[in-house]
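The next block holds one structure in the form of structure tokens; read it before the comments.
The values are calculated or read from the model by the stated rules, or taken from the named source; none is laboratory data. From a predicted model like this one, the values you see are computed outputs, not experimental measurements. Every residue, glycine as well, gets a Cβ built from its backbone with ideal geometry; the counts of neighbours run over all protein chains shown.
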Amino acid sequence: MPELEAKTPAQSRMRLSMMMNPEHANASGNVHGGVIMKLVDEAGALAAMRHARAIVVTVAIDSMMFMEPVYVGHLVTVDAELTWVGRTSIETRIEVWAEHPLNGTVVMTNHAYVVYVALDANGRPQPVPPLTATTPEEQARMVAGRERQAYRKAQRVKELHTISSPHEAPPKS
């Protein structure tokens with residue numbers, strides 16, 4: 001199999017923008033969190049597809065905090081950038097920004113890390129190009145991404161052990 005050429009985060013960066021309308025509102029009149037989560041997943045997946053030049057599927061969403069509400073009438077911008085790449089996995093950092101178009105106020109409302117796996121034509125995981133940093137900030141993000149992925153793997157092993165041993169008592173805190 002030929003070696004894949006490394007790519008930079010800038011080569012796959014993605015930005016989506018969308019005006020929030022009444023159909024996006026929840027019962028409180030704010031934009032429904034699920035609408036924001038869908039935009040996050042779409043932007044991250046598009047960045048991952050740009051990198052892999054393949055279909056990707058979501059495999060993990062790290063903690064996503066809703067720091068500020070988004071209101072109907074706001075322009076939401078979602079920025080996605082790759083932060084780590086494994087053999088078939090791709091981590092993206094996604095930031096969500098809400099802009100009040102009348103007064104120009106812009107606030108970050110959310111951020112999350114989402115992991116995707118690239119798939120081949122048969123739906124099996126396929127190798128992806130390596131990621132190469134061009135700045136110290138990108139290098140730091142890649143190191144942190146590798147650490148997050150190691151943590152995810154450890155958690156998955158722990159979960160599998162818990163599922164395979166349901167008769168054991170839960171650990172004491």
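Observations, loosely collected:
- First in the range 30-41 and in contact (Cβ under 8 Å) with a residue 40 or more places away in the chain, second anywhere and part of a helix (DSSP H, G or I) and of a type outside the set (D, E), Cβ under 6 Å, 6 or more apart: V31/H24
- Meeting the requirement of 1 or more residues that are in contact with a strand residue (DSSP E or B) (Cβ under 6 Å, 6 or more places away or on another chain) and over 21 Å from L46 (Cβ atoms), the strands (runs of 3 or more DSSP E) wholly within the range 59-173 are 106-119.
- Of all residues in the range 21-32, those that are in a helix (DSSP H, G or I) and either in contact with a His (Cβ under 8 Å, 6 or more places away or on another chain) or under 13 Å from A112 (Cα atoms) (or both) total 1.
- Odd one out for P22 among (1) within 19 Å of E95 (Cα to Cα); (2) surrounded by fewer than 16 Cβ atoms within 10 Å (Cβ to Cβ); (3) not small (G, A, S): (1)
- Selection from the range 67-100 of residues that are in contact (Cβ under 8 Å) with a residue 40 or more places away in the chain and either more than 27 Å from H51 (Cβ to Cβ) or surrounded by fewer than 14 Cβ atoms within 10 Å (Cβ to Cβ) (or both): M67, E68, P69, V70, Y71, V72, G73, H74, R87
- Some residue of the range 44-58 being among the charged types (D, E, K, R), surrounded by 14 or more Cβ atoms within 10 Å (Cβ to Cβ) and either outside any helix (DSSP H, G or I) or at negative phi (or both): yes
- For the range 1-17, a residue qualifies if it is free of Cβ contacts under 8 Å to residues at least 60 places away in the same chain and either in a helix (DSSP H, G or I) or in contact with a strand residue (DSSP E or B) (Cβ under 8 Å, 6 or more places away or on another chain) (or both), and exactly one does: Q11.
- Residue identified as more than 20 Å from A48 (Cβ to Cβ), among the basic types (K, R) and at pLDDT below 95 among K158, K153: K158
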